[in-house]
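FYI, it's all coordinate maths here, none of it is from the lab. As the structure is a computational prediction, the values presented were derived from the model and not from experiment. Heads up, the Cβs are rebuilt from the backbone with ideal geometry, glycines too, and the neighbour counts pull from every protein chain shown.
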Amino acid sequence: MALQLDSKYVGRWTKPHHVEVGWRESMNFAASVGDNNPFYFDDTREEGIIAPPMLATALTWPIYVNRHEYWGMDAWPEEVYQRQVHFSEAIIMHRPLRPGDRLTIKGQIFAVLPQRGGTLSIVRFETEDADGAPVFTEYGGAFYRGVRCADEGRSDGEIYTPPVVPQANGPVWEDTIHIDPLTAHVYDGCTGLSFPIHTSKMFAQSVGLPEPILQGTATLAIALRELINREADANPSRLKQLSCTFRGMVSPGVDIELRLLARAPANPGTHLFYEALNGQGKKAIADGYVLLA
């Protein structure tokens, strides 16, 4: 029988997940992608330190890992779950994450949609602080290769989409970034975002890859490091939204090319549109978008 996903699960919420943001986890996340921004490390600052925006993905990861506990045994059968590839990521920052924040996170199966060659699912995470104020909203998209959508699919609301890229005559700027051969291992160990396709050659070869590949969220965090440093005066608290789709694989030990495709005024703030190319010159990150305050 062919593997399939059913959109009847759309709308299902998890039980609450409670977590406190720690200074060590915050600093380790920044260190894992070589981001030595003082906002993340200088705890002598009068305002204290803040956490990298991408720490949000590490805070919600335990819900994915323990999906049966949070969503129920029937939501994602193991044989279906093993077919997933991280397809898209979007985070809305209502305010910066700070060490000491006591957060409550709830996840919702937001969409299950048929796609060519498989099925796309989108999970939404809503995060509140101890006072009930929103901190971040995350939309994580996963593509299930060879898994058929059992029906026409549906979503529980309007799917997040970034603004359209304005026409531009070539990149505003581009930069070559070297990915150290150990980056995937350091990122795995410092963030807790652990999956063997990124660190085990044996596992990578068992799923048809010659070598482990870099985590998509690591590539995204490295791109954001450069965009914040170059376009936001190195002030990560200015980041309000980010999104992208993951297209090509990045191998540790190669150079990637980050391109700022366009910069446009927002009301208020600035829209940034970018992409990242892997070692073969193919898009690793496409549809990259950042909103700065």
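Within 10 Å, count the other beta carbons around each residue, average over each peptide in 28-41, 125-138, and list them highest first.
Numbers: 28-41: 19.1, 125-138: 16.1.
Per-residue mean Cβ counts within 10 Å order the peptides as 28-41, 125-138.
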Here the tail fraction of P(r) beyond 23 Å, over all Cα-Cα pairs of segment 211-293, rounds in percent to 20
Taking only Cα atoms of segment 166-228, the Rg to Rh ratio with Kirkwood Rh works out at 1.10
Filtering GluC sites (Glu not before Pro) in segment 1-64 by DSSP loop and by at most 15 other Cβ atoms within 10 Å leaves Glu46, Glu47
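Could you pull out the chymotrypsin sites (Phe, Trp or Tyr not before Pro) across segment 189-293 that fall in loop regions by DSSP (anything but H, G, I, E, B) with no more than 16 other Cβ atoms inside 10 Å? Let's see the in-between values first.
Values: sites: Phe203, Phe246, Phe273, Tyr274, Tyr289; in loops: none.
Answer in residue order: no site qualifies.
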Packing-ranked peptide list from 204-216, 223-235, highest mean Cβ count within 10 angstrom first, is 223-235, 204-216
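Share of Cα-Cα pairs in the chain beyond 34 Å, in percent?
Working: 7546 of 42778 pairs.
Value for the chain: 18 percent of Cα pairs lie more than 34 Å apart.
Need the full-extension length gain, Asp175 to Val254, defined as separation in residues times 0.36 nm minus the C-alpha distance. One decimal, nm. Before the final figure, lay out the partial values.
Numbers: separation 79, 0.36 × 79 = 28.44 nm, distance 1.37 nm.
Stretched out fully, the Asp175 to Val254 stretch lengthens by 27.1 nm.
For segment 1-57, build the convex hull from the C-alpha positions and give me its volume per residue in Å³. Provide the component values of the computation, followed by the final result.
Working: hull volume 8.9 nm³, N = 57.
Once divided by residue count, the hull of segment 1-57 is 155 Å³.
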Residues Thr270, Thr44 in order from fewest to most other beta-carbon atoms within 10 Å are Thr44, Thr270
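Using Cβ counts within 10 Å as a stand-in for footprinting exposure, how do Cys149, Cys244 rank, fewest first?
Working: Cys149 20, Cys244 24.
Starting with the residue having the fewest Cβ neighbours, the order is Cys149, Cys244.
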